[in-house]
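Take this structure, written in structure tokens, and hold onto it; I'll ask about it next.
Here, each number is a calculation from the coordinates, and none is a lab measurement. The structure presented is a predicted model; accordingly, all values stated were derived computationally and were not measured. Here the Cβ is made from the backbone with ideal geometry for all residues, glycine too, and neighbour counts use every protein chain on show.
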Amino acid sequence: MCVRCEISRRSLLIGGGAAAASLTTGVAEARVRPQDMVSLIGPGYRPTDTDEKGLWQLMDRAEEEIAGSNLLIKDPGLVSYLQDIIGRVGGPAAKDMRIYLAHVPDFNAMMFPSGFAVVFTGLLLRMRNEAQFAGVIAHEGAHFLRRHMIRSWRDMKRKSDLFAIGALAAGIGGAGAGVYLGDYVQLAQLATILSLFKDSREMEAEADAMGAKLIAEAGYPPMEMSTVWQQLIGELNASARYRRKRRERGSLFDTHPSPEARMADLKLDAQEMTVPGRIYDDRRARYLKMIGPIRPMLLEDQVKLNDPGGSQYLLNTLALDGWNGLLRYYEGEVWRLRNRAGDDARAAQSYAVAVAYPDAPPEAWRWHGLSLMKEGRSVEGKSALSRYLQLKPTAPDAPFIRQMIG
Amino acid sequence: MRKSKILLAATMLPLSACSTMGVGEGADFGLYTLVRTRPTSVGNGSMVVTPPRPWNRQRRFFFFDSVRWVEDWTLNGPYLDGITFVSGLPSGQYLVRQRRTDTQQVPKFRSDMTAPEVTAMLESAFRVRGGAIDFKTLNLQPRQFLGYSGFQFDFEHLDGDELWRKGRAVGAVINGRLYLILYDAARSHYYANALPDFEAMANDARLKA
């Protein structure tokens, strides 16, 4: 039950794949309505059936491993903020669900069958406001509230051959028994194992509908749910297009509705959940205040991966709420790292614009200065570099920059 | 750089197991060769270093992922420590082999790069190829290398395997080509253990006449 798995699995539905998939499935399904989505578990839920108890035991061990990982960001303010959001949109299980923030520059969030969620920092970077983040969390939480994992687990045991079940159990056992080493690739594999739990369009539609209901009840604009999916799919497409390839395909058996159909459903959900006269708040200001201190780090993690298509799309998306010095600086970084003919001039321009903003990071002055010096504008360049050292006297590269200033 | 080769080695082992020629024992398929304590040319042969104790040279797989100006050594295995030599990488080349369609790429080297740009390129290499999720520059200062004015770059990084590693690179751009020796090791114990070897080699490295 993970965001990224869902998107990659849906990828082949883009373009020609969409027709093929709708042909194979054949039947048009009725839309799941948000108002029909009630939680199937109450507060303090514990499993009583043997198979579910066993699953929870494995998951408890996986959680122990994850909780001890040094890839987790443990900033108490930030973690309690995220916990607070899950508390707002977690329905009856609001107090039972746990959330872990892993420092991984990729967008993903996953819900485990025993009610804990792992969120990657790359997801925080991509959310424009609290409502969007709450939407993803509500969708994931809905899988737990609707008992999707145990339902599909049982469904699969009923349908599949023994070998498949054995392999799956071994995978989960491995994850629970400490084979998980904290490597985020392995964590992603864990997500893949989790993704085997679902694959049902019905469950995804349920989670979407229930997510929309939960965030609307919490006072967030329900339309943000569909905006999130649009942003995430748009970025994957932009990244793939840039490298001149198709978006990567997920599993062979893709049972998800096309993004377009899903988007349409989410919009309908949002309309139905919107109560006329009620004021909804996306809590953007609060989100930015809480994320602000780590936002430069999040951008650094993304941009330094030198994925120009994805990073540009992301910066432009964040800039829909207004450009600032930080975003302009990282725009320059995208060009500089891309390093094609003419990119140095593009980067130089972005740095020059960035330093005109009061919130420009000190590093914008460094690269502005270095760009000017490469253009032969040595006096202005040195002055910008001096400004960098003034803003960040303890910069680790200060000895080298001082030599350049001469 | 090093890790991608390990992955490559791992993918090749099954090949040897399938081989009808019966190859597959470590010796024939050795990933490493011994480097003795005498002047040794590295990379494409244009740089010479003298290791103070024996090291292990990682075998290069041409046509797969290696670049002829780049060579890797290790003392205790590539997960624990390693030295990478770059012997005159020309402008427009990459430190690693990569496909044009790779989503994330190590930036290209250009002859007009300043030290901060070279170090940013190295950082991206660690993030893209090494799986570093946190990377800290500890220091960037001027330092002579091969008789030219160059730089020393100190850094540490947390990788996806939850281990903190620490490294130092000494390099210079000479006649538009990048010359560099990069040391990277597990931060606890291993870094301090082989740093003197690195320093000795960085200090007496020379260009082949």
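Please give the average number of partner chain Cβ atoms lying within 10 Å of the Cβ of each residue in B:113-122, rounded to a whole number.
4
Turning to a different aspect of this structure: By how many nm would the segment from A:ILE405 to A:ASP75 lengthen if fully extended, with 0.36 nm per residue of separation less the alpha-carbon distance?
Computed gain between A:ILE405 and A:ASP75 is 115.0 nm.
Taking every pair of alpha-carbon atoms in the range B:31-207, what share in percent sits in each 10 Å bin, from 0 to the bin with the longest distance?
The distribution over the range B:31-207 is 10, 40, 41, 9, 0, given as percents.
Still on this structure: What is the count of Lys pairs in the range A:257-406 whose alpha carbons sit under 28 Å apart, if the two are 8 or more places apart or on different chains?
Here the count comes out as 8.
Which values, in whole Å and largest first, are the semi-axes of the equivalent ellipsoid of the range A:323-405 obtained as the square root of 5 times each eigenvalue of the Cα gyration tensor?
With the √(5λ) rule applied to the range A:323-405, the semi-axes are 19, 15, 11 Å.
Then there's this: Label point 7 Å out from A:GLU217 along Cα-to-Cβ: which residues of the range A:134-154 have amide N under 18 Å?
Only A:134-148 fall inside the zone, counting backbone N under 18 Å.
I would also like to ask the following. Nothing charged except the Cβ atoms of Lys and Arg (+1) and of Asp and Glu (-1): what's the magnitude of the dipole of the range A:259-406 about its Cα centre? Round to the nearest 20 debye.
560 debye
While we're here: Starting from the exponent 0.38 and prefactor 2.2 Å, build the expected Rg for the range B:80-129 from its residue count and divide its actual Cα Rg by it.
Here the answer is 1.16, to two decimals.
Within 10 Å of each residue's Cβ, count the other Cβ atoms and sort B:VAL48, B:VAL106 from fewest upward.
Ascending number of Cβ neighbours within 10 Å: B:VAL48, B:VAL106.
How do B:VAL128, B:VAL67 line up, fewest other C-beta atoms within 10 Å first?
B:VAL67, B:VAL128
For A:ASP343 and A:ALA285, what is the calculated FRET efficiency with R₀ set at 41 Å and r taken between the beta-carbons, to the nearest 0.05?
The calculated FRET efficiency here is 0.75.
Calculate the mean, over all residues of peptide A:338-346, of how many other protein chain Cβ atoms lie within 10 angstrom of the residue's Cβ.
Averaged over the peptide's residues, the number is 2.
If you take each beta carbon of peptide A:303-310 and count the beta carbons of other chains within 10 angstrom, what is the mean?
For peptide A:303-310, the averaged partner shielding equals 5.
Restricting everything to alpha-carbon atoms, can you work out Rg to Rh for the range A:28-97 with a Kirkwood hydrodynamic radius?
My calculation puts Rg/Rh at 1.07.
Per 5 Å bin, what percent of the C-alpha pairs of the range B:108-172 does each bin hold, from zero upward?
Spelled out per bin, shortest first, that is 4, 18, 27, 23, 16, 9, 4, 1.
Please quote Rg/Rh for the range B:125-209 to two decimal places, taking the Kirkwood radius as Rh and restricting both calculations to Cα atoms.
1.00
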